[in-house]
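The values are calculated or read from the model by the stated rules, or taken from the named source; none is laboratory data. Note that the structure is a prediction, hence the values are computed from the model and not measured. Here the Cβ is made from the backbone with ideal geometry for all residues, glycine too, and neighbour counts use every protein chain on show. The protein model used for the area step is the full one, side chains on, heavy atoms only, and it has no ligands, DNA or RNA in it. Shrake-Rupley method; radii C 1.70, N 1.55, O 1.52, S 1.80 Å.
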Amino acid sequence: MRVKALMIRILRQIIRDKRTIGMLLLAPILVLSMLYLVFNGDNYEPKIGFVGIPDVMIDTLDLSDASITEYDDLLAAKRDLTEGQLDGYINFSNQELSVHLEGSDPTVNGATIKWIQSTFSNLTDGAQSPLDVHYLHGSSDMGQFDYFGPVLLGFFVFFFVFIIAGVSFIRERTTGTLERLLSTPIRKWEIVVGYVLGFGIITMVQSALIASYAIYVLGMMMEGSFIYLLLIILALSFTALTLGILVSSFANNELQMIQFIPIIVVPQIFFSGLFNLETISNWLSWIGPITPLYYAAAALRDVMVRGYGFPDIYMDLIVLFGFSILFIVLNILALRKYRKI
């Protein structure tokens, strides 16, 4: 009977907690639905440029399953390749074909080379002569870890900072520290900024250690400046920090904070670039640009894989710091429910 009574008490507690019921039922459905939509998207079609290829040769090719752009000017093809408009271009010069790839995504590289080999094989009567391949970024030795590493680095920084900030702020509330602060003349914005700066120092050290370990111990590709990498990580950390504090305002304990992970954190990984966004349905792809990790992952790849500098990443940094300012403002407004005016 005592076991039965305990079981009934536990069930009643869960049933009364509508948030827990919602998370138990809706969160798995949401994550599974996203997995279905991501993995059942369209097949990727490589974007390939033709430079100097005669029309009589083009007429003999099967150009399906690829997006083809013809160029009369080699410089125009190089410009579009640099700007990411092309995955690669084929240059026909001196009766020879040379392939030039953007090179930052091994999966796209493989799809592009496979399409070129199958499409142009009939010109050589099926002979498998090696392609003359040149890479704008990366190389043929570039692995999946080098490409996915920046996204995973950003995700882990965001995830751990989000959790640490949220749980720590909940403890400040449950131990009465926040209520005592609110009973003093200190202003709400001063409380929020103080917490952000206090937690921010710890998260900066944590993020720097994670980035250093990934690059100098695990050997993750790093073509750009480490200073720019730290700047991106700093912007992402502040975004995760302010978001974690904001979400903790709607949680009554650590368990409820953890319950927000499938709703706030997990969806971002699907739209951060870990999966090719061009294969995701158009009606779903709008989610990416409203998530912080989308911009952080793009900036991290630009620095770590492509070797870009500040002029190429400053817009992503502005957006990330903009998210932080937005969350700080929302945090100040959220504190009103703890202070009676």
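On the full set of protein chains, 1.4 Å probe, figure out the accessible area of Tyr294 and give it in Å² to the nearest 10.
70
Any idea of Ser98's accessible area? Nearest 10 Å², probe 1.4 Å.
Its heavy atoms expose roughly 20 Å² to the probe.
With a 1.4 Å probe and all protein chains in place, put Arg301, Arg79, Arg187 in order of accessible area, largest first.
Descending accessible area places them as Arg187, Arg79, Arg301.
Val266 versus Val205, label points 7 Å from Cα toward the beta carbon: distance in nm?
About 3.3 nm, to one decimal.
R0 = 56 Å: FRET efficiency of Thr107 with Thr184, Cβ-based, nearest 0.05? All intermediate terms of the calculation are to be shown ahead of the outcome.
Values: r = 56 Å, r/R0 = 0.99.
Once rounded, the FRET efficiency stands at 0.50.
Show log10 I(q)/I(0) for segment 141-235 at q = 0.13, 0.23, 0.24 Å⁻¹, two decimals, from a solvent-free Debye sum over equal Cα scatterers.
-0.57, -1.16, -1.23
Around Phe50, which amide H atoms from residues at least 5 apart in sequence, or from another chain, sit under 5 Å from its own amide H, with H modelled in the peptide plane?
Thr69, Glu70, Tyr71, Ile90
How do Thr107, Thr239 stack up against each other in accessible area, from largest to smallest, with a 1.4 angstrom probe?
Descending accessible area places them as Thr107, Thr239.
Not counting ligands, DNA or RNA, and with a 1.4 Å probe, what is Phe238's accessible surface area in Å² rounded to the nearest 10?
The value for Phe238 is about 40 Å².
Provide the gained length on full extension for the span Thr175 to Leu326, in nm with one decimal, where the gain is 0.36 nm per separating residue minus the Cα-Cα distance.
Fully extending the segment from Thr175 to Leu326 adds 51.6 nm.
Kindly report the accessible area of segment 231-333 per residue (heavy atoms of protein chains, probe 1.4 Å, no ligands, DNA or RNA), in Å².
38
Would you grab the residues whose amide H sits under 5 Å from the one on Leu86? Only those 5+ places off in sequence or on another chain, please, with H modelled 1.01 Å from N.
It is Leu81, by chain and number.
Expressed as a whole percentage, what fraction of the accessible surface of segment 75-230 belongs to carbon and sulfur atoms when a 1.4 Å probe is rolled over the protein heavy atoms? Don't skip to the end; give the middle numbers.
On the way: 4780 of 8020 Å².
Roughly 60 percent of what the probe reaches on segment 75-230 is carbon or sulfur.
In terms of solvent-accessible area of protein heavy atoms at a 1.4 angstrom probe, what is the ranking of Ile258, Ile202, highest value first?
If we order Ile258, Ile202 from most to least accessible, we get Ile202, Ile258.
Which whole-Hz ³J(HN,Hα) couplings does segment 64-79 yield from phi under the Karplus relation 6.51 cos²θ - 1.76 cosθ + 1.60, θ = phi - 60°, glycine and proline marked x?
Working through the residues one at a time gives 6, 6, 7, 9, 10, 10, 9, 10, 8, 10, 5, 5, 5, 5, 5, 5 Hz.
With N set to the number of residues, divide the alpha-carbon radius of gyration of segment 195-277 by 2.2 N^0.38 Å and report two decimals.
1.27
Quick one: the Cα spread of segment 51-190 along its three principal axes, in angstroms, biggest first?
Its Cα atoms span 82, 28, 24 Å along the three principal axes.
Apply the Karplus parameterisation 6.51 cos²θ - 1.76 cosθ + 1.60, with θ equal to phi minus 60°, to every residue of segment 293-299 and state each ³J(HN,Hα) to the nearest whole Hz, in sequence, with x for glycine and proline.
Per residue, the Karplus-derived 3J(HN,Hα) values read 5, 4, 6, 5, 5, 4, 5 Hz.
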